[in-house]
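The block underneath contains the structure these notes are about, expressed in structure tokens.
Coordinate-derived values only; no laboratory data. Owing to the predicted nature of the structure, the values given are computational and were not obtained by experimental measurement. Quick reminder, even Gly has a Cβ in these numbers, built from the backbone with ideal geometry, and neighbours come from all protein chains shown.
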Amino acid sequence: MSRFSHYDTDEERLPEGMERVGYDADEQVYTFRDADGSYWESAPGNQYGRLTKVGESRIPEDHEPFIVSEQNKKLSWRNEMRPFLNFMMLIGLCLFGMFWFFHISGGTPAEEGMPLPDCPGTTTPYWIKSGDTCWEIAKSHSISVDDLLKENAEISCDALKPEHRICLPNKGTKDMETSDEPKGKAEKEA
């Protein structure tokens, strides 16, 4: 270590009130600030030596403390919470999309494009269960398969879907239709 190393400090080499505030590595220039706030730069490659004035201090005006500046303006709580609110918006959209997907993929009869049939007053609604066939449904309700298909023209006995509703003719209406037929034929003949 040199016997003059104690003279290498800023306090020893700079004029009174000067302090080093920056260094530009690209241009190898040191920046200093004076006591009044003016900025000075050293010659390229020299830490000390001749200094050149590059900027004046900013003099505040009389009315400046009364004008709202960017530094004094209080930010809204929304500005502070913006990253969190963006995150919560993404979470909400993901949850909405997930519930929408599961609701669509649930597959209720009304969502498959075919509305539930309105059963007329002479019929009874029946919900198809897994494993039901047209023949079993007709047999368990004491009606024929032809009567079942006559009331439900849109169903296919080969592909009954569980949880779909069909209309079963009542036993009394079948008897009324057969008893009305001879009267109708007799009236037509007369």
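Values for this structure:
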quantity	calculated
Proximal charge balance of ASN86 [Cβ under 14 Å; K/R count +1, D/E count -1]	+1
Gain in span if fully extended, LEU149 to ASP26, counting 0.36 nm per residue against the direct Cα distance	35.3 nm
Inter-label distance, nm, simple model (7 Å from Cα along the C-beta direction), TRP127/TRP77	4.7
